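Notes follow once the structure below has been shown.
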Amino acid sequence: MRRTPRAALAAAVLVTAAALAPAAAADPGPDAPTKVRPEVPSSVRVATYNASLNRAGAGDLVEDLTEGDDVQAAAIAQVLQITRPDIVLLNEFDHDDDGLAVDLFRENYLEVSQRGEEPLRYPYAYTAPVNTGVPSGLDLDNDGTVGGPGDALGFGFFPGQFGMVVLSRYPIDTDEVRTFQNFRWADMPGALLPDDPAVAGAGDWYDDAELAALPLSSKSHWDVPVQVWGRTVHVLAAHPTPPTFDGVEDRNGRRNHDETRLWADYVAGGRDAGYIYDDDGGRGGLAANDRFVIVGDYNADPLDGDSVPGAIDQLLENPRVRDPEPTSTGAVEAALTQGGANLLHRGDNALDTADFSDDPAPGNLGVDYALPSKHLPVAGSGVFWPAADEPGSELTGQFPFPTSDHRLVWVDLRLVGRR
């Protein structure tokens, strides 16, 4: 089985500010940075980061970002300026229909030096509505009342909470973006629909009206094509629901499993993807030779935590997917010093990407992924989680976190072959 414990802590890769400076490439792209890492021919850095830039009310994030003095946003921007991804998905970035928060974050934080780091410019961005906080008008959590975050199409207190945004130094082909916000869970063949244990039968937690209204994606699934040096890379972005905060019916765990399965079937293509339809009515998945990177917080660790067994293995063991297994020494140190549930984990602590509660559970887990297609060679990978005595550790820290309880995960890819 993949991602099993390693023989020694020395196997962990130390990720520091110096090690994460940006790559120089044959084509420097639209916004060549002045600070470069050692040359890696034709490489592009793709990252995912659950930035926890979510707020309690609609419009709060725009308000917080307006003056350029939000401490958390500045720290998030500093992490990005240190790691300097060419393409990055930000999870838990509240969506507003005018895209004001995205513009404010770029202009007031990323394009301004944070504690001496080189400013970072992303000329291209993609964001779209998500299901979180959208009222369903139905009693989806079966608590006897209608309304509130548990009855939204995806858990949230207002539409757009916990949204997503893709930032890119390279052009996004917006005309070819595919979104799957409205794909119904019940339309997935063999879906793991939850069962109400108090009622005879199977898969009956939701009634027919609820199944007709309930999408699979708790936020959304996006296929965002990015043009890098004349080559298309499909950035497959998602943020499946946490597999917790439910009951014995495990409705969130089952939804998490099937949200992950959607991408597994999508990249398999052919008959496996024949049932999939996007929000414009297009059907099917990727072609066999398409380049892609699956990114996001998938809320599933292959060996530990509460996800349905095998949920993330649908991607990690997919024959079309490469798992670069990024690591950090900070994750190893955190697991040892925090103890608790971490001491009972079966997986390699060096692969953790999120610092969760250790007492009683779940402990730190590997839930954030940047998984390229098999035919994309990997030049490097890592998790921004420095050890306590390393530069940048003040940006991760321990609860209450200065940035997020998740860590940025990156992979460097060489683009070769068909244009």
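Surface composition of the range 238-384: carbon plus sulfur atoms contribute 50% of the solvent-accessible area (1.4 Å probe, protein chains only, all chains present).
Of the residues 257, 406, ranked by 1.4 Å probe accessible area with the largest first, the sequence reads 257, 406. Please list log₁₀ I(q)/I(0) at q = 0.11, 0.12, 0.14 Å⁻¹ for the range 80-195, using the Debye equation with identical point scatterers on the alpha-carbon positions. Calculated log10 I(q)/I(0) at the listed q: -0.50, -0.58, -0.73. Stretching residue 248 away from residue 97 to a fully extended chain increases their span by 50.7 nm, per 0.36 nm per residue minus the current alpha-carbon distance. When only alpha carbons are used to place a centre, the range 54-99 and the range 236-266 end up 25 Å from one another. Note on residue 107: accessible area approximately 100 square angstrom, rounded to 10, probe 1.4 Å, nucleic acids and ligands left out.
Heavy-atom accessible area with a 1.4 Å probe sorts 245, 401, 105, largest first, into 245, 401, 105. When every Cα-Cα distance of the chain is counted in 10 angstrom steps from zero, the calculated P(r) takes the values 5, 23, 34, 27, 10, 1, 0 percent. With all pairs of separate Cα atoms included, the range 365-410 yields a Kirkwood hydrodynamic radius of 12.3 Å. Each semi-axis of the equivalent ellipsoid for the range 261-419 is √(5λ) with λ an eigenvalue of the Cα gyration tensor; in descending order they amount to 32, 18, 13 Å. Annotation: extensible slack from residue 145 through residue 232 equals 26.6 nm (criterion: 0.36 nm per residue apart, minus Cα-Cα distance). Put 155, 356 in order of accessible area, highest first, and with a 1.4 Å probe you get 155, 356.
Here's the picture: a label point sits 7 Å out from the Cα of residue 113 along the beta-carbon direction, and within the range 71-95 the residues with their amide nitrogen under 15 Å of it are 78, 81-82. Any idea how far apart residue 357 and residue 275 come out in nm if each label point goes 7 Å out from Cα toward Cβ? Using points 7 Å along Cα→Cβ, the separation is 3.5 nm.
Once the chain from residue 71 to residue 121 is taken as fully extended at 0.36 nm per residue, the excess over their C-alpha distance is 16.0 nm.
The values are calculated or read from the model by the stated rules, or taken from the named source; none is laboratory data. Because the structure is predicted, anything quoted here is derived from the model rather than measured. No Cβ is skipped: glycine too gets one built from the backbone with ideal geometry, and neighbour counts run over all protein chains shown. Surface accessibility is based on the protein's heavy atoms, side chains included, excluding ligands, DNA and RNA. Shrake-Rupley method; radii C 1.70, N 1.55, O 1.52, S 1.80 Å.
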